[in-house]
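Colleague: I have a structure here, written as structure tokens, and I will follow up with some questions on it.
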Amino acid sequence: MTGKKRVITRRDFIRTGSWAVMGSLMGLPLAHRAGGQTAQKSRVVLIRNQNATEGHGALNPGTVVQMLDDALTVALGAEDPVSAWRKIANPGDTVGIKSNVWFRLPTPPELEKAITARLVEAGVAPQNISVDDRGVKSNPVFKRSTVLINIRPMRTHHWSGLGSLLKNYIMFVPQPWIYHGNACERLGAIWQKPQVAGKTRLNILVMLTPLFHGVGPHHFSRGYTWPYGGLIVSTDPVSADAIGARIIQAKRNQYFGEDRPISPRPLHIEAADIKFGLGNSHPDRIELIKLGWHENILI
Amino acid sequence: MNNSSRTRTFGGLSGFATVSIIFLFMTQITHALSLESLQADLPKQVDRWSAQTGDRIYDEKTIFSYIDGAAEVYKAYNMKQCLSRRYTISGGPEIILDIFDMGSSEDAYGIFTHDIDGTKVGIGQEDRLRPGWLSFWKDRFFVSIYMEEESGAAEQAVLELGRQVAGKISGKGTRPAIISQLPSAGLQNDTVRYLHHPVVLNYHYYLADENILNISADTDVALAQYQLGNQTARMLLVKYPTPEEAMRSQADFLNYYIPDADKKGAALLENGQWAAVSRKGHLLAVVLEADSRELAEHLLQNVH
């Protein structure tokens with residue numbers, strides 16, 4: 001370390017008292033925002049249904065697809081789901097649906113199929129729609145895409161703190177490990193690459209059975225998931241991730257019976273806001289709309 | 001000896017480089033053979049679980065394809081190879097055995113300390129069992145045995161497999177020397193962690209968004225908690241390659257974390273706890289939070 005660079009430390013959180021209150025997440029005033037960032041609040045819709053899944057198990061497709069339609073309609077301020085999906089894509093568009101295939105907690109195929117069907121209903125040609133994760137760099141539909149839809153389940157992550165919507169785009173770069181430095185803080189830079197910049201019209205953070213803690217090399221135990229039955233929908237990936245992070249944090253505190261910060265701190269969410277200007281991470285700049293089941297909502 | 005003389009001596013390759021390459025080659029072969037010989041000796045059957053064919057061996061690059069997400073942690077501890085074997089049973093959960101050759105017992109111990117929740121069951125040199133997962137270290141190996149789903153029978157099989165694998169590893173490793181430099185009085189042994197990567201430190205104790213202690217692969221770090229009477233503290237020891245780096249890191253810590261420190265390097269934090277720092281040669285001692293100034297100073301004075 002050299003010079004007098006502005007560094008955020010634990011001391012800053014202690015000083016503001018936000019360590020205990022926020023569990024270390026997004027608790028500091030945004031003093032150094034990226035230039036050109038929108039002054040508007042970001043709208044995020046959190047929708048839940050206690051029947052979305054059978055406990056930890058199978059997903060109820062009809063319920064979850066209805067949740068997605070309802071959330072999207074509110075998120076976009078549309079009159080109905082049909083007009084909402086038409087705001088996402090039109091007949092002239094080519095759409096890449098960026099999924100996540102991590103086999104222990106993948107994007108539910110039912111949601112991938114439902115999004116595809118809705119896009120077709122909105123007039124997008126089936127051959128101009130593709131769902132992919134690890135093959136996005138070479139996928140011809142993604143290569144000529146005009147629209148991206150980003151969907152993945154949220155989970156804790158050993159190196160970035162959280163497997164988030166922002167992190168889901170790491171497969172768009174040929175050398176993902178370049179972005180692993182300092183707990184993957186620079187993931188926001190990927191969103192400025194030509195192959196993705198400005199294309200993402202919808203972000204869906206799947207919170208049906210999120211993973212709130214992980215240990216060991218496989219970082220997964222069914223015991224650290226819970227049937228939250230939620231979807232978080234927004235055009236702003238940073239806001240959606242920030243809301244998801246607060247829910248994960250609250251669940252950790254509840255489960256462990258103490259303040260148990262997400263580790264490592266998911267710096268990439270704040271950095272996507274403050275350094276890369278991709279959206280809003282601070283609660284003051286998020287309009288959170290809650291729909292559906294409110295019991296144990298944790299936020 | 002300068003480079004040119006080495007080049008002349010070994011006809012195109014420097015002597016040092018030649019020796020290094022040979023040593024590296026031998027080291028890799030030694031590790032590969034050791035893991036392979038261990039592999040050949042592993043049980044084919046544990047209780048009613050049978051080993052599947054198709055063991056996989058991963059190196060520091062291919063490990064990313066296997067344990068997406070956690071691979072960086074293993075890389076941060078210089079993982080050399082990982083042998084993975086699956087045990088299956090009809091109608092039951094899979095058991096996954098992963099044996100990591102960490103290259104040194106220090107790093108095997110270090111990666112073990114990354115997850116120290118759980119109960120001790122007496123396998124290997126140190127172990128922990130928690131729901132769905134047994135881990136232990138022995139010699140330069142870190143062993144993880146993971147249940148896809150938890151059940152009493154699976155846990156018994158996991159324990160039996162752990163005992164058998166530990167029995168196949170004949171050597172015994174040493175803990176990192178820096179651990180013995182921690183003050184003894186009040187040390188909570190089950191909280192000690194060893195690391196040499198700033199993100200791993202932040203995983204266990206978020207300090208700063210930047211690497212203000214200049215932790216790198218060349219530094220050894222011990223993190224531990226203390227309880228003396230009714231007072232608690234958390235302490236960090238960092239050993240740098242040179243006294244100059246230790247001095248620079250001390251200055252950075254004072255600059256970025258406790259700019260309000262007094263002449264003794266101690267500061268009262270806003271939550272009523274104390275932070276303090278001192279240096280002796282290569283070694284930097286940091287009390288991150290202590291219930292009293294007296295405890296902070298006591299710890300700094302009792303570094304071995």
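Colleague: Can you tell me how many residues in the stretch B:141-169 are touching a Lys or Arg at 6+ places or on another chain (Cβ under 9 Å) and more than 13 Å from chain A (Cβ to nearest Cβ)?
Modeller: 5
Colleague: Here's another thing I want to ask about it. Taking helices (runs of 4 or more DSSP H) that do not extend beyond the stretch A:64-179, which have at least 2 residues that are within 30 Å of residue A:220 (Cα to Cα)? Steps first, please.
Modeller: Working: elements: A:81-88, A:109-121, A:140-143.
In the stretch A:64-179, A:109-121 are the helices (runs of 4 or more DSSP H) which contain 2 or more residues that are within 30 Å of residue A:220 (Cα to Cα).
Colleague: Look through A:194, A:227 and report the one residue that is under 17 Å from residue A:255 (Cβ atoms), away from chain B (no Cβ under 14 Å) and assigned to a loop (DSSP other than H, G, I, E, B).
Modeller: On the way: A:194 fails: under 17 Å from residue A:255 (Cβ atoms).
Exactly one of A:194, A:227 is under 17 Å from residue A:255 (Cβ atoms), away from chain B (no Cβ under 14 Å) and assigned to a loop (DSSP other than H, G, I, E, B), namely A:227.
Colleague: Go through the stretch B:212-237 and give me each residue that's without any contact (Cβ under 8 Å) to a residue 60 or more places away in the chain, under 15 Å from the mean Cα position of the chain (by Cα) and over 20 Å from residue B:116 (Cβ atoms).
Modeller: The answer is B:216, B:218, B:219.
Colleague: Please work out which residue is nearest to residue B:66 (Cα to Cα), limiting yourself to the stretch B:95-114 and to residues that are away from every other protein chain (no Cβ under 12 Å) and part of a loop (DSSP other than H, G, I, E, B).
Modeller: Within the stretch B:95-114, the match that is nearest to residue B:66 (Cα to Cα) is B:102.
Colleague: Could you please give the count of residues in the stretch A:197-221 that are farther than 18 Å from residue A:101 by Cβ and in a loop (DSSP other than H, G, I, E, B)?
Modeller: Counting residues in the stretch A:197-221 that are farther than 18 Å from residue A:101 by Cβ and in a loop (DSSP other than H, G, I, E, B) gives 9.
Colleague: Next question. Just for the stretch B:217-237: of the residues that are in a loop (DSSP other than H, G, I, E, B) and within 14 Å of chain A (Cβ to nearest Cβ), which one is surrounded by the fewest Cβ atoms within 10 Å (Cβ to Cβ)? Quick ask: steps written out before the conclusion?
Modeller: Going residue by residue through the stretch B:217-237, those that are in a loop (DSSP other than H, G, I, E, B) are B:217-219, B:229-230.
From the residues that got through so far, the ones that are within 14 Å of chain A (Cβ to nearest Cβ) too are B:217, B:219.
Values: B:217: 9, B:219: 22.
Ranking the qualifying residues of the stretch B:217-237, first place goes to B:217.
Per-residue answers, yes or no, for (1) within 14 Å of another protein chain (Cβ to nearest Cβ); (2) open to solvent by less than 30 Å² (accessible area, probe 1.4 Å):
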residue: A:131; (1), (2): no, no
residue: A:137; (1), (2): no, no
residue: A:141; (1), (2): no, yes
residue: A:146; (1), (2): no, no
residue: A:150; (1), (2): no, yes
residue: A:160; (1), (2): yes, yes
residue: A:164; (1), (2): yes, yes
residue: A:179; (1), (2): yes, yes
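Colleague: Looking at the stretch B:152-183 only, could you name the residues that are outside any helix (DSSP H, G or I) and surrounded by fewer than 16 Cβ atoms within 10 Å (Cβ to Cβ)?
Modeller: Kept after step one, since they are outside any helix (DSSP H, G or I), are these residues of the stretch B:152-183: B:169-176, B:182-183.
Matches in the stretch B:152-183: B:170, B:171, B:172, B:174.
Colleague: Which condition number does residue B:214 fail, the rest of (1) assigned to a strand (DSSP E or B); (2) surrounded by fewer than 23 Cβ atoms within 10 Å (Cβ to Cβ) being met?
Modeller: Only one criterion in (1) assigned to a strand (DSSP E or B); (2) surrounded by fewer than 23 Cβ atoms within 10 Å (Cβ to Cβ) is unmet by residue B:214, namely (1).
Colleague: While we're looking at this one, here's another question. Out of the residues in the stretch B:270-304 meeting the condition of being in contact (Cβ under 8 Å) with a residue 40 or more places away in the chain and under 10 Å from residue B:234 (Cα atoms), tell me which one is surrounded by the fewest Cβ atoms within 10 Å (Cβ to Cβ).
Modeller: B:291
Colleague: Here's a follow-up. Out of (1) open to solvent by 60 Å² or more (accessible area, probe 1.4 Å); (2) in a helix (DSSP H, G or I), the odd one out for residue B:61 is which?
Modeller: Condition not satisfied by residue B:61: (2).
Colleague: Could you go through the stretch A:230-247 and let me know if any residue there is surrounded by fewer than 23 Cβ atoms within 10 Å (Cβ to Cβ) and either in contact with a Phe, Trp or Tyr (Cβ under 9 Å, 6 or more places away or on another chain) or within 14 Å of chain B (Cβ to nearest Cβ) (or both). Before the answer, list the steps.
Modeller: Taking the stretch A:230-247 first, the residues surrounded by fewer than 23 Cβ atoms within 10 Å (Cβ to Cβ) are A:235, A:246-247.
Retained after the next criterion (residues that are either in contact with a Phe, Trp or Tyr (Cβ under 9 Å, 6 or more places away or on another chain) or within 14 Å of chain B (Cβ to nearest Cβ) (or both)): A:247.
Yes.
Colleague: Oh, and also: Kindly evaluate residue A:175 against the criterion of being polar (S, T, N, Q) and within 14 Å of another protein chain (Cβ to nearest Cβ).
Modeller: On the way: polar (S, T, N, Q): yes; within 14 Å of another protein chain (Cβ to nearest Cβ): yes.
Considered against the rule, which asks whether it is polar (S, T, N, Q) and within 14 Å of another protein chain (Cβ to nearest Cβ), residue A:175 comes out as yes.
Colleague: Given (1) farther than 21 Å from residue B:170 by Cβ; (2) more than 12 Å from chain A (Cβ to nearest Cβ); (3) open to solvent by less than 30 Å² (accessible area, probe 1.4 Å), identify the lone condition not met by residue B:91.
Modeller: For residue B:91, the exception is condition (3).
Colleague: Condition test on residue A:288, is it over 16 Å from the mean Cα position of the chain (by Cα), open to solvent by 40 Å² or more (accessible area, probe 1.4 Å) and closer than 14 Å to residue A:243 by Cβ? Please lay out each step first, then the result.
Modeller: Working: over 16 Å from the mean Cα position of the chain (by Cα): no; open to solvent by 40 Å² or more (accessible area, probe 1.4 Å): yes; closer than 14 Å to residue A:243 by Cβ: yes.
The answer is no for residue A:288.
Colleague: Now for a different question. Looking at the stretch B:64-88, which of its residues are in contact (Cβ under 8 Å) with a residue 40 or more places away in the chain and open to solvent by 50 Å² or more (accessible area, probe 1.4 Å)?
Modeller: Scanning the stretch B:64-88 gives B:78, B:80.
The values are calculated or read from the model by the stated rules, or taken from the named source; none is laboratory data. Quick caveat, the model's predicted, so the values are computed rather than measured. Reconstructed Cβ throughout: ideal geometry from the backbone, glycine too, with neighbour counts over all protein chains shown. Please note that ligands, DNA and RNA were not included when accessible areas were found on the heavy atoms of the full protein model with its side chains. Shrake-Rupley method; radii C 1.70, N 1.55, O 1.52, S 1.80 Å.
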